[in-house]
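Read the structure below first, then the notes.
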Ligand code: UDP
């Protein structure tokens, strides 16, 4: 069976990718420093603890498993933190990824799947965001991901490192079987924070700004179910294994929902009120991020199956009530 090296496999998206890989007949090897990941989430293949910056450790893991491909999820990914501590984002995300990419090439592995972000586009009023849109990130998170995309292009040209870049929109939901889910400490993402507020685990949700140029004044995002997202990664892996050209794909549904709309849907799904108050804008937030591309559908054959707000919130709610990890 083929091994796939999954960096960040102990994290939210990485652990769902490991489950999908195992179901598709691969052996996912999780490489994670457990700074933000959870060993409890590593359930579908071997675990190797290590840091992206640790080249010797990476070399050891590549030699041990001879992975057919790398799926690279490990990253710092919070917009607020990226604004206040940009150096950590450049160091961990860019230097860490460069170390991983160099180790990949040195090990003779030539297939690389990278999790990038719609945050690389930045705020572009009335522009349809497709893969050819200009990239003007507003924060060090998006900027660091854009830089890694550039590194991959250079390594393709120099060493033939074939890669698929996925630019995620907003990922939500959880494994419908409840084995794994979203669990960040601290939590900064809208859906889990809202479920905490509904559940009384925190005082209430703060809506970051109601003065944006949108119909209800709150930011608009394109939410995609984590299981749909990782399905695309399996298709991306197939794409590379078929020897197709390196390619960028947006992963979003093309439908945008405001923060207030997410609150309304959460009320309906959980049948409980959402305690919230209105606060100031969060630095680094874009007004609207919605995918305008169907490239993943037309070229990869990807179909989003669980990405309605109702299903995403219902799956997240089920996990939220029963699931958590311990250090
Ligand atoms: N948001 C909010 N309150 C929160 C967390 C998030 O109003 O406590 C908003 C945020 O401003 C953005 C949307 O919810 O418009 C999604 O934010 P999240 O951090 O989940 O993802 P991001 O878009 O930053 O990747």
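Any read-out appearing in this document is the output of simple, stated calculations on the displayed coordinates, not a laboratory observation. Fair warning: this is a prediction, and the values are worked out from it, not measured in the lab. In this analysis, Cβ positions are derived from the backbone assuming ideal geometry, glycine residues included, and neighbour counts consider all displayed protein chains.
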7 Å from Cα along Cα→Cβ at both residue 283 and residue 60: what's the point-to-point distance in nm? 3.9
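Given 20 °C and 1.002 mPa s, how large is the Stokes-Einstein diffusion coefficient of segment 1-121 in µm²/s, with Rh as the Kirkwood radius over Cα pairs?
Stokes-Einstein gives a translational diffusion coefficient of 149 µm²/s.
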Rounded to the nearest 5, the percent of DSSP beta bridges in the chain running antiparallel is 5
Choice from 155, 166, 112 showing the highest fluctuation, given a GNM over the chain with Cα pairs closer than 10 Å: 155
Going by Cα centres, segment 275-293 and segment 243-269 are how many Å apart? 13
So the FRET efficiency between residue 202 and residue 102, C-beta based with R0 = 45 Å and rounded to 0.05, is 0.60
Considering the Cα positions of segment 257-308, please state its Rg to one decimal place and its Dmax as a whole number of Å. 15.7, 43
So what's the gap between the Cα centers of segment 137-174 and segment 20-38, to the nearest angstrom? 19
Could you give the distance between the Cα centres of segment 295-324 and segment 64-118, to the whole Å? 24
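Full-extension gain between residue 267 and residue 91, please, as 0.36 nm times their residue separation minus the C-alpha to C-alpha distance.
Numbers: separation 176, 0.36 × 176 = 63.36 nm, distance 3.99 nm.
Length gained, residue 267 through residue 91: 59.4 nm.
Can you work out D for segment 97-205 in µm² s⁻¹ from Stokes-Einstein, where Rh is the Kirkwood radius over C-alpha pairs, the temperature is 37 °C and the viscosity is 0.692 mPa s?
Translational D for this selection: 198 µm²/s.
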Can you tell me the Rg and Dmax of segment 1-72, counting just the alpha carbons, in angstroms? 10.8, 31
May I ask you to give the average projected area over all directions of the convex hull of the Cα atoms of the chain, in nm² rounded to one decimal? 15.1
Longest principal axis of the chain (C-alpha) makes with the long axis of helix 96-106 (C-alpha) an angle, in degrees to the nearest 10, of 30
Could you work out how far helix 12-23 tilts from the main Cα principal axis of the chain, as a 0 to 90 degree angle to the nearest 10? 60
Helix 226-241 vs. the chain, principal-axis angle (Cα, 0 to 90°, nearest 10): 20
May I ask for log10 I(q)/I(0) of segment 44-83 at q = 0.16, 0.17, 0.25, 0.26 Å⁻¹, from a Debye sum over the Cα atoms as equal point scatterers with solvent left out? -0.54, -0.59, -0.98, -1.03
Go ahead and set up a Gaussian network model of the chain, Cα springs under 10 Å, then flag whichever of 63, 82, 17 fluctuates most. 63
In nm, spacing of pseudo-spin labels at residue 39 and residue 308 (7 Å Cα→C-beta vector): 4.1
Subtracting the Cα-Cα distance of residue 177 and residue 255 from 0.36 nm times their residue separation yields 25.5 nm
Mean separation of Cα contacts under 8 Å, 6 or more apart, over the residue count of the chain: relative contact order %: 20
Mean residue ellipticity at 222 nm from the helices of the chain, using -39,500 (n - 2.57) per DSSP H segment of n ≥ 4 over the full residue count, to the nearest 500 deg cm²/dmol? -10500 deg cm²/dmol
